[in-house]
Structures are given as C-alpha cells and as structure tokens.
1. Taking Cα centroids, how far is the range 224-281 from the range 126-198 in Å?
2. Applying a 10 Å radius around every beta-carbon, put 165-175, 108-118, 264-274 in order of their mean neighbour count, most first.
3. Roughly how big is the range 41-97's charge dipole about its Cα centre, with Cβ charges of +1 (Lys, Arg) and -1 (Asp, Glu), in debye to the nearest 20?
4. Over its Cα atoms, what ratio of radius of gyration to 2.2 N^0.38 Å does the range 58-108 give?
5. HN-Hα J couplings of the range 27-41 from phi, Karplus 6.51/-1.76/1.60, θ = phi - 60°, integer Hz, Gly and Pro as x?
6. Restricting to the chain, what percent of DSSP beta bridges are antiparallel, rounded to 5?
7. Give me P(r) over the chain, computed from all C-alpha to C-alpha distances, binned every 5 Å, as integer percentages.
8. Could you order the peptides 180-193, 224-237 from most to least packed, using the average number of other C-beta atoms within 10 Å per residue?
Amino acid sequence: MCDHNKNIYLPYLATVEEVIDETPDVRTLRLVFQDEQVREGFNFRAGQFAEYSAFGAGESTFCIASSPTRKGYIECCFRAVGRVTESLRRLEVGDTMGVRGPYGNSFPIEQFFGKNLLFVTGGIALPPLRTLIWNCLDWRDKFGDITIVYGARTEADLVYKRELKEWEARSDVKLVKTVDPGGNGPEWDGKVGFVPTVLDELAPTAENTIALVCGPPIMIKFTLPVLEKLGFGDEEIYTTLENRMKCGLGKCGRCNVGNIYVCKDGPVFTAKQVKAMPLEY
Ligand SMILES: Cc1cc2nc3c(=O)[nH]c(=O)nc-3n(C[C@H](O)[C@H](O)[C@H](O)COP(=O)(O)OP(=O)(O)OC[C@H]3O[C@@H](n4cnc5c(N)ncnc54)[C@H](O)[C@@H]3O)c2cc1C
Ligand code: FES
C-alpha cells in the first residue's frame, strides 16, 4: 500500500473505466485510481486481494484479477451474491468506488521459473489464477509448458470467454476447457466432464511441474487425489482460499483457521499447509 495513506481502512477512490459482463451474473470491472500518485504507486503481486467498496453498501473481498505486469489499472471479477456485490453491479462506466489493498501473500512466482505450470480451475475461480496466468504469459520465456484445465457447469458459465479463445490460439499454451455433462450446446468444441475426470484423462506430467488449483470445494476435493496419483507432492500444489473476511489486515479475527489468518498468512497456501490446518476447515 502507498505510504501516504495514513488511515489503514480508508479506501482509495477509483473510477470504473470498463464494465464487462462475463456471464449473466458475473461481471468484470476495470478500475483506474483517481489519484495520480496512487495510480503510479499501487504495486501488487499475483495472488493478492483487495477490499472493494460500494458507497452506502459496504466492502467485499475479491482477488485482484488483472496481472501485475499490466500497469495503470486493476480489474476485479465478481458474482452478484449479496448486498455489496449487487451494489457494485449497479455501477456504470465513470462511476466512483473504493479500493483498499493490496493485501495477503502471493504466488511465489520466482520459485516457478524453469518449471512447467499446470492450472486447474473451475467456474468463477478462474480470476484468482488469471492474474498469475497473464503474469506468466507476459514472462513466457521463464517457464516450461503451460497447461490450463478450466471447467464450468455450462458454456454460459465460462468466464473470460474472449481470453479462452486467445489462449486456445497460442501455440505456447495448452488450454483444455470442459463443461459438466448436459452443459454443452451443439457448437461446443471442448470436453464434456467434470474437471477432475478431465484432468485424470489428460494425465499431465508431474515432473518439474507446479500445479495451481482454485475452484469450488467439491472440485478441489476430487482434484487433489488425481494430482497425487499423477505424482504431484503436497508442496508442488498451490491453492488460494476464500474464507470470510472483514478487515483483510489481520485485525478482526474473522478469517482465521486455528492460528492461521487467511488474510495475512494467505490466501495462497500449498496443499501441505492446507492439510495441516485444523479440521474445521
Ligand atoms: C481472498 C478472497 C478473494 C475472493 N475473490 C473473489 C473474486 O475474485 N470474485 C468473487 O466473486 N468473490 C470473491 N470472493 C468472495 C466474495 O468476497 C464474497 O462472495 C462477497 O464478499 C460477498 O459479498 P456480498 O456482500 O455481496 O454478499 P453477502 O450478502 O455478504 O453474502 C451473500 C452470500 O455469499 C456468501 N459469502 C459471503 N462471503 C463469502 C466468502 N468469502 N466465501 C464464500 N461465500 C461467501 C454468504 O454466505 C451468502 O450466502 C473472495 C473472497 C476472499 C476471502
Ligand atoms: S479478515 Fe480480519 S483478521 Fe483476517
């Protein structure tokens, strides 16, 4: 966070520069900080999150979904599920909202240099990995093979459809997209099946590979054993958690699991760290 922001709870003002409807209920906002100093000084790493506020409604926690390599703006992508997200959804281009952050740890991207990357994700859980995907694609020569397995319930539920096309067209990325059985229309050119099943069939190598997994709990539950079967160790699998949060700063105690504060110690954890968390998680 920039030093001049004395009150840690005070959001920066940001203007909505672009509104993109990803699905009927999922929306991307591209935001530009109004203060030039903040605009230039706001640095973040892939995996960090922010608190986004709609005036009169409150704050919501979302990952920063754009890549730190793309300067001058940040993006968030959210599903309208409640009071704050419904208010944020009503914002139009030119409107003002608040953003405070960036918070949390991040993906240790430098440790991935020279390795293959396997992204496994589902539904609205693509945004927390999309920041890292673009970061890695912008530094493409630092990594080996990049494979993305992405699934959604139906074709309509896939987010970033234009970027999926872009990744599909690249020769240096392998995108495997899938929808649940019954979720495909007549034009569908991807796989049909649940993400863990598709991953199992694809059987990517675990050798010199880091797996980055983010999705609904049910997807994670069935994906981890597949990765294990493929030979991935618990320290070669990373995920990002979405516990309930309020302050984002390690002060309110809303997000903790045992003695771990997801907002400060996370939200990025290895599978080894997640398995060591108390059973309540
Ligand atoms: C680190 C982190 C990153 C996140 N990134 C994103 C993102 O990129 N895009 C996105 O759409 N959402 C993301 N979330 C979840 C998001 O914060 C909540 O869905 C949102 O705050 C709900 O706000 P609301 O006031 O509109 O809904 P509320 O009125 O508070 O709740 C509406 C419904 O959502 C449920 N809910 C609320 N908070 C959470 C939560 N943290 N996890 C699961 N369910 C919740 C409630 O139980 C209720 O059923 C993230 C959460 C965390 C902690
Ligand atoms: S969200 Fe307040 S302590 Fe983590």
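A short reminder: the numbers here are calculations on the coordinates, not readings from a lab. Bear in mind the structure is a predicted one, so any value in this text is a computation, not a measurement. Cβ sites come from the backbone with ideal geometry, for glycine too, and all protein chains shown count toward neighbours.
1. First find each Cα centre; the distance between them is then 24 Å.
2. Result, highest mean Cβ count within 10 Å first: 264-274, 108-118, 165-175.
3. It comes to approximately 180 debye.
4. 1.25
5. Result, rounded to whole Hz: 10, 9, 10, 9, 10, 10, 5, 6, 7, 4, 4, 5, 4, 7, x.
6. Values: 33 of 56 bridges.
Taking every DSSP beta bridge within the chain, about 60 percent pair in antiparallel fashion.
7. Per 5 Å bin, starting at 0, the Cα pair percentages come out as 1, 5, 12, 17, 19, 17, 14, 9, 4, 1, 0, 0.
8. Highest-to-lowest ranking by the protection proxy: 224-237, 180-193.
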